[in-house]
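A.B. asks: What follows is a single structure, and I will ask about it in a moment.
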Amino acid sequence: MPSAPISSTFPPGTILGYPRIGRRRELKKAVEAFWSQTIDAAALEAVAAGLRQQTRDRLVDLGLGRTDSSIPESFSYYDQVLDTIVAVGAIPSRFASLVAADGTLDLAGYFTLARGEGENLPLEMTKWFDSNYHYLVPEIGPETAFSLAGDRIVREFVEAKAAGFLTRPVLVGPVTFLLLSKASDEAPAGFSPLSRLDDLLPVYAALLARLADAGADWVQLDEPGLVSESIDVPRAETLAAVASAYGVLGGLTGRPALFVAAPYGSLDDALPVLAATAVEAIGLDLVRGTLPQAVPGLAGKTLVAGVIDGHNIWRGDLTGAIEGAEGVRALSDSVSVSTSTSLLHVPHDVLDETSLPGSLVSWLAFADQKVGQVATLAQGLVNGRAAIAGPLAEAAAALAARHSAPGVRDGAVRLRAAALTDADFSRGAYADRLSAQDSALQLPSLPTTTIGSFPQTGDIRRTRAQFLKGTLAADEYRSLMRAEIGRVVALQEEIGLDVLVHGEPERNDMVQYFAENLDGFAVTENGWVQSYGSRCTRPSILWGDVSRPAPITVDWSVYAQSLTTKPVKGMLTGPVTILAWSFVRDDQPLGETARQVALALRDEIGDLEAAGIKIVQVDEPALRELLPLKKKDHADYLDWSVGSFRLATAGVADATQIHTHLCYSEFGVVIEAIRNLDADVTSIEAARSRMEVVREIEAGGFDHGIGAGIYDIHSPRVPSVDELTTLLDTALESIPERQVWVNPDCGLKTRGYDETVQSLQNMLAATRVVRERLSADVIA
Ligand code: GLN
Ligand code: ZN
């Protein structure tokens, strides 16, 4: 069937995606109600349809076009990568029984892939580029039988159309889908999921045909995989895949126009490859990336200038944004404006915040404000800057006010940072520290400890909530929390742990707690952002210079220490993690902000030390997460991130022991950085990788303490003594005994007490078995 040439014009302004969780987390609540069987699938579908309707209406109110494909169809019940897995029929064989005879998977089955069932482990979850969003990892092998097995996106497009909207379906692009995949259990060693591209493309072709038939003018294919250099596929193979994929899809007849978006960085050498294909539009992230050079073919495309930061919550420099978009005209006559990434990473609406200071509110743009900015810029591009002079001036005034507002720059903080010297970043020689700590602490071989938090019971949460609401007086709150600390300390003594913790009952969240107690931060009421599936976080806003008005954790730690003769570890969150899990000011380099946070923590550590605390742990679980996507940016990042940790921790005496905790299992490029942190003891997540990480670290020549996380706290399972003994033995195969500590692989706050107590008892039993054997070996 001959088809008309693809001639639709791209809308002048758009966004790459919109939050789907709902302004009041309606989707989260409905999905969880479905999981607990309080509502059925039809009721969940109805909530989701209602949210999609609200989103469309809202986006039109904010200035996007109703029928010009500017509204992205970007809803997901759980995750867009999972949606793609289901759409292309790539269901791992262990879940085969969930698939109906016609190849489809119902909603319950969809969630089972994400959450696992019985012996069937869920799909692995990992971070989506350099954001704090997590996606589910596809498992692809030679046996994966691709077929168009899910048409949810088509149904959602049709639903919108019936309501009078012409939306733009958003799909994860085929190259990125395979780049993010791992080899299935059945795949032979060395199998590359990307080798299945030719088999996957017909499914995308079929899906595009279905969307065209349904009336879609434009389809967005997200290809952030092309901007990242941290994917283990040779670049030449990625580029060949781009040429092949968009050669095939671009060459289809009767398809919608194709918009390939490349958020999270610049396309670099993928741009000429994409420009040489027949796709109609290419999205450029001009926030993380820069304006590219002209390349053949580009002038004939619509270029979608991602000039509004989709990653951050600042209103920012609107004049700079329109300049950026105008600059793209040097490359093509057809330029549209957009966000740099999906707005999935930001909360819905600043206007939902009632307790933020008014000045701060005027500096912010959440998703809805960013849509408004896009609409304004689109108008400016079409009608000239004069047409948007008012909004440009308002944004400039807000930016200027922000720059000079009290608290944004604090003279004392700046003077202190400017006066730092190299000595402030270094502790004494490790050998001296080791002997000073050995005599101060007198710990047995294979010392046992935990990562900090103990289970957060309903009672603890209620107590905190009441205190926050003002229905519980400060002294009552304090004595309830002290009672909890007392229970946790007694429990640890009973179990026989060597280094104790206070249990962190006073903390809602390991970052927000510090944000609430430091100057320069604000906390939102409704600023929820999807982290994964139904899980949302509420990042704090780091808007000004950071300082510590008063000690934060000292009272709690000192109280815990007063109850025991064993050492109690002080527990702090590190500067990199505080930055990674907050929305951070964009008006100065991250490294500068990190130093301010580090200085505040340094003071806290000094106070803990002065109050008699002999061990302080500074958690940096996000060290790997903030690693830039481009290799050229790694050195600078590692320099400031490691530097801020060292600045925070280097003020203590040799005898004070510094611990850190990192929780992820892919160390790779950061191994050297871990060594440079120079923490006396580093605890890591190792149970799930069967101690593989431990071997990697040791191979790098690490001689400090290593806390082998032998108890996997990510599941309620109680590991047996045998299993824990084996893991400990595995660790001891590659690390000398004197370096080994024994601990769970993360904090216990999400666990229940029963399983925690049993697991810790088993961990101690395993340690005793190994200790006895080791001392028998010495005697023999
Ligand atoms: N100390 C923190 C806790 O135990 C560490 C949490 C984390 O690594 N994410 O909860
Ligand atoms: Zn952890």
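A.B. asks: Here is a list: 521, 514. Which entry is touching a residue at least 24 places away in the same chain (Cβ under 8 Å), within 15 Å of ligand 1 (Cβ to nearest atom) and not β-branched (Val, Ile, Thr)?
C.D. replies: Exactly one residue qualifies, and that residue is 514.
A.B. asks: Moving to a separate point now. Any idea which residue in the stretch 720-746 is farthest from residue 764 (Cα to Cα), counting only those that are part of a loop (DSSP other than H, G, I, E, B) and within 16 Å of ligand 2 (Cβ to nearest atom)?
C.D. replies: For the stretch 720-746, the residue satisfying everything is 746.
A.B. asks: Kindly indicate which of 114, 108, 100, 145 is in contact (Cβ under 8 Å) with a residue 40 or more places away in the chain and either of a type outside the set (A, V, I, L, M, F, W, C) or part of a loop (DSSP other than H, G, I, E, B) (or both).
C.D. replies: 145
A.B. asks: Read through the list (1) aliphatic (A, V, I, L, M); (2) surrounded by fewer than 23 Cβ atoms within 10 Å (Cβ to Cβ); (3) within 16 Å of ligand 2 (Cβ to nearest atom), then give the number of the only condition that residue 501 fails.
C.D. replies: Going through the list (1) aliphatic (A, V, I, L, M); (2) surrounded by fewer than 23 Cβ atoms within 10 Å (Cβ to Cβ); (3) within 16 Å of ligand 2 (Cβ to nearest atom), residue 501 breaks only (2).
A.B. asks: Right, something else. Can you tell me which condition residue 428 does not meet? The list is (1) at pLDDT 95 or above; (2) of a type outside the set (Ser, Thr, Tyr); (3) surrounded by fewer than 16 Cβ atoms within 10 Å (Cβ to Cβ), and all the others hold.
C.D. replies: Condition not satisfied by residue 428: (1).
A.B. asks: Enumerate the pairs (first residue in the stretch 419-439 and within 13 Å of residue 614 (Cα to Cα); second residue anywhere and hydroxyl-bearing (Ser, Thr, Tyr)) with beta-carbon separation below 8 Å, excluding pairs fewer than 6 apart on the same chain, so at least 6 apart or on different chains.
C.D. replies: Filtered contacts from the stretch 419-439: 437/656.
A.B. asks: Looking at the structure I just gave you, is residue 694 in a helix (DSSP H, G or I), closer than 18 Å to residue 449 by Cα, touching a helix residue (DSSP H, G or I) at 6+ places or on another chain (Cβ under 6 Å) and within 16 Å of ligand 2 (Cβ to nearest atom)?
C.D. replies: The answer is yes for residue 694.
A.B. asks: If I ask for residues that are farther than 30 Å from residue 567 by Cα and either surrounded by 21 or more Cβ atoms within 10 Å (Cβ to Cβ) or within 16 Å of ligand 2 (Cβ to nearest atom) (or both), which ones from the stretch 504-520 would you list?
C.D. replies: Answer for the stretch 504-520, where residues must be farther than 30 Å from residue 567 by Cα and either surrounded by 21 or more Cβ atoms within 10 Å (Cβ to Cβ) or within 16 Å of ligand 2 (Cβ to nearest atom) (or both): just 520.
A.B. asks: Another one. From the list 557, 531, 547, exactly one residue is of a type outside the set (D, E, K, R) and under 29 Å from residue 405 (Cα atoms). Which is it?
C.D. replies: Unique residue meeting the criteria: 547.
A.B. asks: Sticking with this structure for a sec: Quick test for you: out of 283, 254, 225, 265, pick the one residue that is surrounded by fewer than 22 Cβ atoms within 10 Å (Cβ to Cβ) and either part of a helix (DSSP H, G or I) or not basic (Lys, Arg) (or both).
C.D. replies: Selected residue: 254, the only one of 283, 254, 225, 265 that is surrounded by fewer than 22 Cβ atoms within 10 Å (Cβ to Cβ) and either part of a helix (DSSP H, G or I) or not basic (Lys, Arg) (or both).
A.B. asks: Given 498, 509, which one is more than 14 Å from ligand 1 (Cβ to nearest atom), acidic (Asp, Glu), part of a loop (DSSP other than H, G, I, E, B) and in contact with a strand residue (DSSP E or B) (Cβ under 8 Å, 6 or more places away or on another chain)?
C.D. replies: One residue alone meets the criteria, 498.
A.B. asks: Just checking: which of the helices (runs of 4 or more DSSP H) contained wholly in the stretch 1-89 hold 1 or more residues that are surrounded by fewer than 16 Cβ atoms within 10 Å (Cβ to Cβ)?
C.D. replies: In the stretch 1-89, 26-35, 41-61 are the helices (runs of 4 or more DSSP H) which contain 1 or more residues that are surrounded by fewer than 16 Cβ atoms within 10 Å (Cβ to Cβ).
A.B. asks: Okay, moving on. Do we have any residue at all in the stretch 697-712 that's within 16 Å of ligand 2 (Cβ to nearest atom), under 20 Å from residue 126 (Cα atoms) and assigned to a helix (DSSP H, G or I)?
C.D. replies: no
A.B. asks: Which condition from (1) over 30 Å from residue 161 (Cα atoms); (2) touching a residue at least 12 places away in the same chain (Cβ under 8 Å) is the one that residue 245 breaks?
C.D. replies: Condition not satisfied by residue 245: (1).
A.B. asks: Give just the number: which of (1) surrounded by fewer than 19 Cβ atoms within 10 Å (Cβ to Cβ); (2) hydroxyl-bearing (Ser, Thr, Tyr); (3) assigned to a helix (DSSP H, G or I) does residue 354 not satisfy?
C.D. replies: If we test residue 354 against (1) surrounded by fewer than 19 Cβ atoms within 10 Å (Cβ to Cβ); (2) hydroxyl-bearing (Ser, Thr, Tyr); (3) assigned to a helix (DSSP H, G or I), just (3) comes out false.
A.B. asks: For residues that are touching a residue at least 24 places away in the same chain (Cβ under 8 Å) and of a type in the set (S, T, N, Q), scanning just the stretch 670-717, find the one that is farthest from ligand 1 (Cβ to nearest atom).
C.D. replies: 676
A.B. asks: If residue 625 passes every condition in (1) without any contact (Cβ under 8 Å) to a residue 60 or more places away in the chain; (2) within 16 Å of ligand 2 (Cβ to nearest atom); (3) surrounded by fewer than 18 Cβ atoms within 10 Å (Cβ to Cβ) but one, which one does it miss?
C.D. replies: (1)
A.B. asks: Now for a different question. Test residue 507 against the criterion of being under 29 Å from the mean Cα position of the chain (by Cα) and without any contact (Cβ under 8 Å) to a residue 60 or more places away in the chain, and give yes or no.
C.D. replies: Yes: the conditions hold for residue 507.
A.B. asks: So, one more: Considering the stretch 724-768 alone, what residues qualify as being within 16 Å of ligand 1 (Cβ to nearest atom), of a type in the set (Ser, Thr, Tyr) and surrounded by fewer than 21 Cβ atoms within 10 Å (Cβ to Cβ)?
C.D. replies: 750, 753
A.B. asks: Check off (1) of a type in the set (A, V, I, L, M); (2) in contact (Cβ under 8 Å) with a residue 24 or more places away in the chain; (3) within 14 Å of residue 394 (Cα to Cα); (4) surrounded by fewer than 21 Cβ atoms within 10 Å (Cβ to Cβ) for residue 360 and give me the number that stays unchecked.
C.D. replies: Condition (3) is where residue 360 drops out.
A.B. asks: Could you list, in sequence order, all residues of the stretch 335-362 that are over 27 Å from residue 128 (Cα atoms) and touching a Leu at 6+ places or on another chain (Cβ under 9 Å)?
C.D. replies: 335, 353, 356, 361
Residue-by-condition table, conditions (1) in contact with a Ser or Thr (Cβ under 8 Å, 6 or more places away or on another chain); (2) modelled with pLDDT of 95 or more; (3) among the basic types (Lys, Arg); (4) farther than 28 Å from residue 324 by Cβ:
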residue	(1), (2), (3), (4)
207	no, yes, no, yes
217	yes, yes, no, no
222	yes, yes, no, no
239	no, yes, no, no
246	yes, yes, no, no
268	no, yes, no, no
283	yes, yes, no, no
289	yes, no, no, no
294	no, yes, no, no
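A.B. asks: Residues in the stretch 367-387: is at least one on the phi > 0 side of the Ramachandran plot and not aromatic (Phe, Trp, Tyr)?
C.D. replies: Yes, there is a match, as at least one residue in the stretch 367-387 is on the phi > 0 side of the Ramachandran plot and not aromatic (Phe, Trp, Tyr).
A.B. asks: Let me ask you something else. Would you pick out the residues in the stretch 380-412 that are of a type outside the set (Gly, Ala, Ser) and in contact (Cβ under 8 Å) with a residue 60 or more places away in the chain?
C.D. replies: Correct list: 381, 382, 385, 388, 391, 392, 399, 402, 403, 408, 409, 410.
The values are calculated or read from the model by the stated rules, or taken from the named source; none is laboratory data. Since the structure is predicted, the reported quantities are computational estimates derived from the model, not experimental observations. Cβ coordinates were reconstructed from backbone atoms using ideal geometry, including for glycine residues, and neighbour counts include every protein chain displayed.
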